[in-house]
Amino acid sequence: MAGMLMTTGTSTSASSRSIRVLVRVDADDRVGCAHAVRTSALLNMIRMPLQLTVVGAGAALAAFFPQAQIEPAPASFPELSKLVSEQGQDAIFIDLPPEAGWPWASLRALQRPIITIDDTGGDVVADLVLNGTVLDAYHNYPCLSEGARALVGVRYALIRPEFSRVRWRHPQERSVIIVVGSGKHAREWSFALASGAIEWSRWGKTSMVVGAAFSEFTALTKSCQGAGINLRRGLSARDLAALLARSSLALTTGGMIVYEALAVGVPTVVFPQIGNLVPEANWFAAMGCVRNLGFDGGMDMTKVTLEVDAVLHDHSLARMLSDRARSIVDGRGMERAAAAMADLLGATVSR
């Protein structure tokens with residue numbers, strides 16, 4: 001029996017019974033934890049009793065969904081379809097990378113409301129699509145049926161509320177926070193930064209944060225110790241937001257951490273470590289929100305040094321980056337998305 005998730009955020013006039021939701025998400029070394037992080041946070045903002053079955057890969061799922069029934073990722077779509085039918089799920093909630101090749105047409109045949117978080121657009125078939133990316137090119141959903149909703153743009157960026165509750169102030173002492181995302185290129189970057197090619201001591205206290213699913217933590221710990229970097233893993237949203245707010249600068253990979261850093265307002269230097277993150281980093285740089293290392297430049301430690309130096313030694317530039325960031329990313333996107341999701345789930349059980 002799936003565990004009960006009693007959430008305390010957005011309200012809705014739902015039925016008194018629990019709403020059974022099948023959640024399809026992964027949290028392993030290949031995908032990282034960002035999808036599970038935002039999915040868990042979004043569900044926790046909905047004020048109604050939810051009975052969750054989480055289907056996916058990665059031992060970290062249990063930590064993000066402690067009261068849910070966890071099932072391994074299905075080998076085929078029929079296996080998932082059988083699980084939906086056997087458990088009598090009321091709705092299906094999906095947050096998978098675009099390369100997963102989800103069988104959308106077959107999913108519709110299950111005749112359950114479908115909610116999905118998506119970052120790129122395309123042949124998605126769902127009743128509610130949540131896409132908080134800033135690029136218009138990623139907002140095209142030609143296969144949505146009449147009555148379906150696609151909530152797109154930075155107003156729906158799925159930033160955990162902790163990041164809108166703190167505000168960056170220029171600290172008296174220099175400090176740098178490095179936040180490393182998922183994937184092979186990001187792991188390589190973390191080791192390159194800690195290789196000794198950069199003299200971190202000249203920039204004050206330096207911390208590096210990796211996700212809970214980071215696969216080479218022991219080896220990276222040794223490298224960071226040699227470089228004088230304080231390595232931390234799997235920080236809570238509250239702790240990460242506080243660390244961003246009191247740092248002089250954030251040096252990050254691309255993805256959701258960029259939105260979170262901009263919501264806090266910390267001056268940010270971005271390495272878009274995956275090809276599909278490059279246009280987004282370019283957009284933020286053009287808007288004056290970040291300094292962009294580019295896909296190739298992130299592995300160039302000389303360029304990393306120059307970009308970090310430029311921000312650390314120019315307080316007016318740091319202030320400009322902070323002000324622009326806060327003017328574009330207000331950090332309330334998850335609140336708006338949760339309200340729309342709650343409306344759909346409430347309507348589902350009221351039929």
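The values are calculated or read from the model by the stated rules, or taken from the named source; none is laboratory data. Computed from a predicted model, the values in this text were never measured in an experiment. Cβ coordinates were reconstructed from backbone atoms using ideal geometry, including for glycine residues, and neighbour counts include every protein chain displayed.
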Among (1) touching a strand residue (DSSP E or B) at 6+ places or on another chain (Cβ under 8 Å); (2) without any contact (Cβ under 8 Å) to a residue 60 or more places away in the chain; (3) surrounded by fewer than 22 Cβ atoms within 10 Å (Cβ to Cβ), the one test that G196 misses: (1)
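This table checks each residue for (1) under 22 Å from N276 (Cα atoms); (2) surrounded by fewer than 21 Cβ atoms within 10 Å (Cβ to Cβ).
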position: V290; (1), (2): yes, no
position: G298; (1), (2): yes, no
position: V308; (1), (2): no, no
position: D314; (1), (2): no, yes
Residue, modelled with the highest pLDDT, within the range 1-54, restricted to residues that are aliphatic (A, V, I, L, M) and over 23 Å from the mean Cα position of the chain (by Cα): I19
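Taking the range 228-244 as the region of interest, how many residues are crowded, with 20+ Cβ neighbours inside 10 Å and either out of contact with any strand residue (DSSP E or B) (no Cβ under 8 Å at 6 or more places or on another chain) or in contact (Cβ under 8 Å) with a residue 60 or more places away in the chain (or both)?
Matching residues across the range 228-244 total 4.
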Boolean, L151 is at pLDDT 95 or above, closer than 22 Å to M341 by Cβ and not in a loop (DSSP other than H, G, I, E, B): yes
In the range 310-346, residue nearest to I159 (Cα to Cα) [restricted to those that are without any contact (Cβ under 8 Å) to a residue 40 or more places away in the chain and assigned to a helix (DSSP H, G or I)]: S327
Filter result for G265 (in contact with an Asp or Glu (Cβ under 7 Å, 6 or more places away or on another chain), of a type outside the set (K, R) and in contact (Cβ under 8 Å) with a residue 60 or more places away in the chain): no
Any hit, the range 175-194, residues being assigned to a loop (DSSP other than H, G, I, E, B) and over 30 Å from D123 (Cβ atoms): yes
Meets criteria (surrounded by fewer than 22 Cβ atoms within 10 Å (Cβ to Cβ) and in contact (Cβ under 8 Å) with a residue 24 or more places away in the chain) for S85: yes
Answer residue from the range 201-218, given it is buried (at least 22 other Cβ atoms within 10 Å of the Cβ) and out of contact with any Leu (no Cβ under 8 Å at 6 or more places or on another chain) and is modelled with the lowest pLDDT among those: A213
